[in-house]
Amino acid sequence: MNPLPEDWVCGYVADMPELKIPRRGLMLVLSSPSGAGKTTIARALLGRDSGIAMSVSCTTRPKRPEEKEGRDYHFIDETAFDRQAREGAFLEHAKIFGNRYGTPKVAVENALKAGRDLLFDIDWQGNRALKKLVGDDLVSVFILPPSMETLDHRLRARAQDAEDVVRKRMARAEDEISHWDEFDYLIVNENLEESVEAVHAILKAERLRRTRQTDLPDFVCRSRKS
Ligand code: 5GP
């Protein structure tokens, strides 16, 4: 069942605020194997489109040096995670690399209520679970590295994880990639700027989808009379 109300409205059709056609909010999922560039693409997209905000997940994974509490994740322990999961505080949650990750429900509802679309950096399990919950309110994009060699290179260059973690992530990448056909769009991240532009184009086009524009019948009716 879609937890978002039937008549959910999130601001107006982007780039045409003067028309004031209300539309439903959009949940944009970015998924990829670790190291394919998804986090960089997500940050760049947030920087160039003020109409979309990041959904900040909870995780039991230790914080990396460059990460900030509340910006990258809410870092919590197993006990707190368990309690929140039991209380139904997550829209979905999954175990990845032995750590737990969950999408906070209230934060998502609040952001959509405030008139913003939402961006999710989650894995295929999260994408599958959210799709089941919200159906067409969700649009998913899978980011592929140009090759497995490039991925291995990027993970090592990043050097923020121990060697055995890098190896595990490479092994997991194969599994992650095997779910490519569960996503609406697929981008091979060869050139960062082009990939960001492609994700932005998807977001802009999806905002204009007829079925998201809740007042369209009235608008068309009014404009035909005037
Ligand atoms: P990392 O530990 O590198 O930040 O993330 C590991 C994986 O967990 C990534 O594929 C990321 O997209 C995924 N992830 C992050 N937050 C969530 C979440 O709330 N739910 C799910 N299902 N996956 C998540």
Subject >> segment 25-142, accessible surface, carbon-and-sulfur percent (1.4 angstrom probe) >> reply: 51
Original post:
Which of Gly115, Gly37, Val56 sits farthest toward the positive end of the charge dipole of the chain, with +1 on the Cβ of Lys and Arg and -1 on the Cβ of Asp and Glu?
Top reply: Gly115
**OP:** Please go through segment 59-109 and write out the trypsin sites (Lys or Arg not before Pro) that DSSP classes as loop and that have at most 15 other C-beta atoms within 10 Å.
**Re:** Lys63, Lys68, Arg71
Original post:
Gap in Å between the Cα centre of segment 180-226 and the Cα centre of segment 83-146?
Top reply: 20
Original post:
Stretch Thr79-Lys63 to full length: gain in nm at 0.36 nm per residue minus the Cα-Cα span?
Top reply: 4.1 nm
Original post:
In segment 150-223, what percent of the accessible surface is made up of carbon and sulfur (1.4 Å probe, ligands and nucleic acids excluded)?
Top reply: 53
Original post:
Please state the relative contact order of segment 25-84 as a whole percent: Cα pairs under 8 Å, 6+ residues apart?
Top reply: 24
**OP:** Could you check which residue among Asn127, Asn99, Asn189 shows the biggest mean-square fluctuation in a GNM of the chain with a 10 Å Cα cutoff?
**Re:** Asn99
Original post:
Going out from 0 in 10 Å bins, what whole percent of all Cα-Cα distances in segment 60-160 drops into each bin?
Top reply: 12, 38, 36, 13, 0
Original post:
What share of the DSSP beta bridges in the chain is antiparallel, in percent to the nearest 5?
Top reply: 35
**OP:** Counting other Cβ atoms within 10 Å, keep those with at most 13, restrict to DSSP loop, and tell me which GluC sites (Glu not before Pro) in segment 133-214 are left.
**Re:** Glu190
**OP:** Kindly count the pairs of lysines across the chain whose alpha carbons are less than 17 Å apart, treating pairs on different chains or eight or more residues apart as eligible.
**Re:** 7
Original post:
Spin-label point model (7 Å from Cα, Cβ direction): what's the Glu197 to Ala157 distance in nm?
Top reply: 2.1
**OP:** Please calculate the 1.4 Å probe accessible area of Asp72, with all protein chains present, and give it to the nearest 10 Å².
**Re:** 30
Subject >> Net charge dipole size for segment 100-226 [Lys, Arg +1 and Asp, Glu -1 on Cβ; Debye, nearest 20] >> reply: 800
Subject >> Dipole magnitude (debye, nearest 20) for segment 45-102, charges at Cβ of Lys, Arg, Asp, Glu >> reply: 100
**OP:** Would you work out which of Leu26, Phe142, Thr103 lies farthest towards the positive end of the dipole of the chain, given +1 charges on the beta-carbon of Lys and Arg and -1 on that of Asp and Glu, about the Cα centre?
**Re:** Leu26
Original post:
Based solely on its DSSP helices, what 222 nm [θ] is calculated for the chain when runs of n ≥ 4 H residues each add -39,500 (n - 2.57) and the sum is averaged over all residues, nearest 500 deg cm²/dmol?
Top reply: -12500 deg cm²/dmol
**OP:** List, in order, the whole-Hz ³J(HN,Hα) value for each residue of segment 34-45 obtained from phi through the Karplus relation with A = 6.51, B = -1.76, C = 1.60 and θ = phi - 60°; use x for Gly and Pro.
**Re:** 3, x, 8, x, 4, 5, 5, 5, 4, 4, 5, 5
**OP:** Mind checking the full-extension length gain between His179 and Arg210? Use 0.36 nm per residue of separation minus the Cα-Cα distance, one decimal, nm.
**Re:** 8.3 nm
Original post:
For segment 98-226, what's the relative contact order in percent, using C-alpha pairs closer than 8 Å and at least 6 residues apart?
Top reply: 26
Original post:
Using 7 Å Cα-to-Cβ label points, what is the Arg71/Lys95 separation (nm, one decimal)?
Top reply: 3.2
Subject >> For segment 33-148: accessible area per residue (Å², 1.4 Å) >> reply: 45
Subject >> Relative contact order computed over the chain (Cα-Cα under 8 Å; 6+ residues apart), in percent >> reply: 32
Subject >> Debye equation applied to the C-alpha atoms of segment 79-123, log10 I(q)/I(0) at 0.20, 0.22, 0.33 Å⁻¹ >> reply: -0.69, -0.79, -1.18
Original post:
Length gain on complete extension for the stretch Lys225 to Thr40, per 0.36 nm per residue less the alpha carbon to alpha carbon distance?
Top reply: 61.9 nm
**OP:** Evaluate 2.2 N^0.38 Å with N set to the residue count of the chain, then give the Cα radius of gyration divided by it.
**Re:** 1.07
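The values are calculated or read from the model by the stated rules, or taken from the named source; none is laboratory data. Since the structure is predicted, the reported quantities are computational estimates derived from the model, not experimental observations. Because the Cβ atoms are built from the backbone with ideal geometry, glycine has one as well, and the counts that use them run over all protein chains shown. In case anyone asks, the SASA skips ligands and DNA or RNA and just uses the protein heavy atoms, side chains included. Shrake-Rupley method; radii C 1.70, N 1.55, O 1.52, S 1.80 Å.
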